[in-house]
Amino acid sequence: MHARRLGGLSLILLVCAALYMTLGARGGWDFILPFRGAKLAALILVAVAVATATVLFQTITYNQILTPSIMGFDALYILVLTLAVYVLGGQTVARLPQMSQFLLTSTLLLGASLLLFGTLLAQRRQDLMRMILTGVIFGVLFRSLTSFLQRMIDPNEYSVIQVSSYARFSRMETELLGIAALLTIAALAATWAMRHRLDVLALGREAAINLGEHPKRGMLQALVVISVLVSVSTALVGPVAFLGLLVVSLARLITPTARHAVLLPSAALVSAITLVGGQTLLERVFALSTPLSVIVDLVGGAVFLILLLRGSGR
Amino acid sequence: MSMRLAVFAALAALIALSILSLFVGVISRTDLSWELLWVSRAPRVLAVLITGSALAVSGALMQMLVRNRFVEPMTVGTGQGAALGILLVVLFAPEAPVLAKMGLSALCALGTSLGFLAIVRHLPPTQPLLVPLVGLVYGGIIGAGVTFVAYQADLLQFIDIWMSGEFSGVLQGRYELLWLAAGVAALTYLAADQFSIVGMGRVASINLGLNYAQVVLLGLVAVSVVTALTVVTVGMIPFVGLVVPNIISRLFGDNLRATLPLTALFGAALVLICDILGRLLRYPFEIPVGTVFGVVGTVIFLWLLYAPARHAR
């Protein structure tokens, strides 16, 4: 059953991608194809990165409401980047090769997230609501600190950060595409390799230990992958608050299973359809100037609210 | 610390801070003229004092009405509703007088707060932290709606003015609406006992002979008017209404008639400190008070969330 649904999703994605590439095209194909192709590739990269990071995060927190961005991960990324520019100077950061820039921010992000969320997640007696609230408040704190630091930075150096501070899908940093693709594929390969272990980890701490799995180690590895994926997606399009939650919740409805071998591709496909299809509709059909991220946040926020209300009723 | 002593200490600190605030700015102390003080510095101090105290009081009210410690108007949709109201006026009736703008903004704020209250009624009382969480998301959704409309109408820059609080634009003639907010906040003190009783819940209130629905509506109207006036004149300053009443309630309990003056004083002092900090940290430039308070307020909030509560004396 799942195989057929995954096939259907792939088909829809292909149609969306074809429409995105061709609809409303004026001018020579030799310009349009590479121009739109790069954007399409970036959209799909981001979609897959966000979906995978969200699934991983939900697995290690044993919870289907949490996502990296709800817990303030991408706000933390921007804070880390701002801090790097503030301490090292914008020119130094901008002149770093992109690979080392990515690695620098990812490593810092990993360190910070381990410190914050590691301690938060490792609490024995978990109070879910308190944890989410803490994450949301951390998000506000990181954003405030970022805008605070941004005021302290020279306006010329600010441009280094500006691109990743706001979510946008129509103008993406396509120069970063090569490295982003490389990192995402590496992270995806790592995730795919641990898909069965993720199934075991999702059973809970005690069951995982019983089955010979080391929960702490699994969590650490997942956090490393999440840090890389969040860095990639935030660097490409900026923070998107509720995309991950929206698409993973949809994927759980379409392919109701706990097996990561199905859930991971399903979430990635739904996510790519949402971004590519949504962007096609927005840009080409309705010609709206509102960015897709605003609409995704509106819809995703509503989904979050419904999940919370329903979850609390039970 | 006894209550009376605390009030005097807060009052003394506030006066000292206000005088200090008059002399903080780009123009140095020696070149200071009466005109500058009168047109710019004094209105700014007044605006900060009124905003801080009114927001703290409306936060305390909101917490009584919703019966939850961790809510405040700026984060649970009232502030966003006010912004939505102004946006609608600017879109459809840009010529409307300021008072009409403010009125519609207050009406929208009231509507969104009523919506929030309706949602809260359906939440299980066993999960107190669910309420602020739902509030934050609810406020976020309305905020995203505002952004959506503003994007379509090319008013994004306009919206920013209301979404982030800042006092640098305050001059004589441009902040006087705030006195109205001060008046409303002061009037709520007349009904402080009623609001304290509402905080005990619906059944207890009716038992004590209170017209519950009326008092709740009255409180929401007051909160909405104060919030709308603040958003219209200086913009949103989140967390003031959250942290100040919480700290006061931890130290001195929940009898609003006794604590409301202290809440107002403490709120004014905290916002004034943040405003002075914002002016000094990157001298001669300014950091908006909303940003400074965003850092200070969230840290205090996290402390409130994790520090074990001692019983009020």
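No value in this document is a laboratory result; all are computed from the given coordinates. Because the structure is predicted, anything quoted here is derived from the model rather than measured. Reconstructed Cβ throughout: ideal geometry from the backbone, glycine too, with neighbour counts over all protein chains shown.
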Practice problem: Report the dimensions of chain B along its three principal axes from the alpha-carbon atoms, largest first, rounded to Å. | Solution: 62, 53, 34
Quiz prompt | √(5λ) per eigenvalue of the Cα gyration tensor, segment B:1-149, largest first, Å | solution = 35, 25, 12
Quiz prompt | Inter-chain shielding of B:119-131 (mean C-beta neighbours from other protein chains, 10 Å cut-off) | solution = 3
Quiz prompt | Hz values of 3J(HN,Hα) by residue in segment A:294-305 - Karplus curve (6.51, -1.76, 1.60), Gly and Pro given as x | solution = 5, 5, 4, 5, 4, 5, x, x, 4, 4, 4, 4
Self-check item: Neighbouring partner chain Cβ atoms per residue of B:137-147, average, 10 Å criterion
Solution: 6
Quiz prompt | Other protein chain Cβ atoms within 10 Å, averaged over every residue that makes up B:272-284 | solution = 1
Quiz prompt | Size descriptor, Kirkwood hydrodynamic radius, that averages inverse alpha-carbon separations across chain A, Å | solution = 20.1
